[in-house]
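Please read the structure below before turning to the comments.
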Amino acid sequence: MNTQFSLGTKIKVGIIGFGRMGRFYWDAMRKSGRWDIAYICDTNPASRELAKELSPESYVIEDNQKIFEDESVQVVGLFTLADSRMEQIEKAIRYGKHIIASLLQIQWKMNGKSWKWPKVQMSFLR
C-alpha cells in the first residue's frame, strides 16, 4: 500500500459512516480538492442513496471490507457509531490504513495491552 503523501497528489480515502459527521468530513474533503473520495460506506439504505446523489464519482457500498481490502485506499474515515468504531480502528491498523476518527473516552485493547484515551479528535483536514 502506498502510504506516501505528496503535494499535488490526491489522497485516496474511504468514508465509513455517512451520517452527520461523515457528511461533514465528506464536504470538507470535497471542498479542499486534496482528496479522492473513492468509497462511501453506510449500512443505512437512505444514507447510501444520499451518498449516490451527492457523490456520484464515489463507489457507494454497504460492506466496509471492500475499503480495507483496496490497497490503493490510503486513509479510512471512521464516522460510525462509537460501539463499532474500536473494531474498525483495529481493522484499519491491521490493513495498514491511516485513520481519521473521533474518539471519546474509549479504552482500546490490542495485543494484550490496554490504553485509555482522553477525549480527542484525530484529524488532518485543517
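Computed extension gain for Glu69 through Arg30, at 0.36 nm per residue and net of the alpha carbon distance, reaches 11.7 nm. In this structure, the amide hydrogen of Gly77, modeled 1.01 Å from its nitrogen in the peptide plane, lies closer than 5 angstrom to those of Gly14, Ile15, Ile16, Ile100, counting only residues at least 5 positions away or on a different chain. Between amide H atoms placed 1.01 Å from N, distances below 5 Å from Trp35 occur with Ile11, all of them 5 or more places distant or on a separate chain.
On alpha carbon coordinates alone, what is the Rg over Rh value for the range 53-104, Rh being the Kirkwood radius?
0.96
Only the coordinates and a few stated rules stand behind these numbers; no lab work does. Here the structure is a predicted model, which means the values were calculated and not measured.
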